[in-house]
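Quick note: the coordinates plus some simple rules give every number you see, no bench work behind them. As the structure is a prediction and not an experimental result, all values here were calculated from the model. Using ideal geometry, Cβ is built from the backbone for each residue, glycine included, and neighbour counts are taken over all protein chains shown.
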Amino acid sequence: MIPLPRRPVAPDARARDWYENELGWATVAGEPLRLVTGVRFDVLDVPAEAGAAALRHLAPGSPVALQGDRMRLLVAAGGAEELPGLLDWLEWGSLPLDLLALGAGGRLDAPVPPGPDAGGPRPLPAGRTGPALPTRRVPAPRSARSAGSPHSAQGAALWLRPPEPGREVEASLPTLSAVGGGGGAPDLVRLVDTVAAHCHRVRLRRACAGPPAVQPLAFS
């Protein structure tokens, strides 16, 4: 008897297995693949430029994702709830900042698992804080483009700093309890202050640039 050929495992199934079984992260049923926030981590969703400026405040193992022109910084669970009060305390609360937070009950587009076969990003060299480029551009699946995610049309999410299987992610995430604690966790206050300042700079630069000039019509 010749065994029947095995059907290849779908990429989404492999990704779901990686998140659920290797990382122990909860995912949402259905497509596109999404992660549950507010359980193991919360997320700060910021312009990529603002996020890149804040990478120095993260621990080497603190996961960071990219999607289009947005950067997703993973922070300790509960950080999203603390964000409004923290921005007020840092005197950023009265300004319109392009800074979003995903906490309990939130959903995050699952970044493509790292690795050359998945088109994930090259790991950052030791000691480097700047962004790394993906090995190749991965277009968003059709289901992701029609799912209503505000940034999914710009391409699939990718890991800039992927999480490490077998390692507890919580110890590397920025937390409010790190203020004055002397522990190994990064300080959420420094991270938010840096991100807010660069979000403000991005907004001012865009406002100064204004809309593109309209060229007058030429008639012969």
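List of remarks:
- Cα gyration tensor shape for the stretch 33-81, rounded if a/c is under 1.5, else prolate or oblate: oblate
- Computed label-point distance, nm, for sites Ala26 and Asp98 using a 7 Å Cα→Cβ extension: 3.1
- On full extension, the segment bounded by Arg14 and Arg205 gains 64.6 nm, given 0.36 nm per residue less the C-alpha separation.
- Packing rank of 189-201, 165-177, where each peptide gets the mean count of other beta carbons within 10 Å, highest leading: 189-201, 165-177
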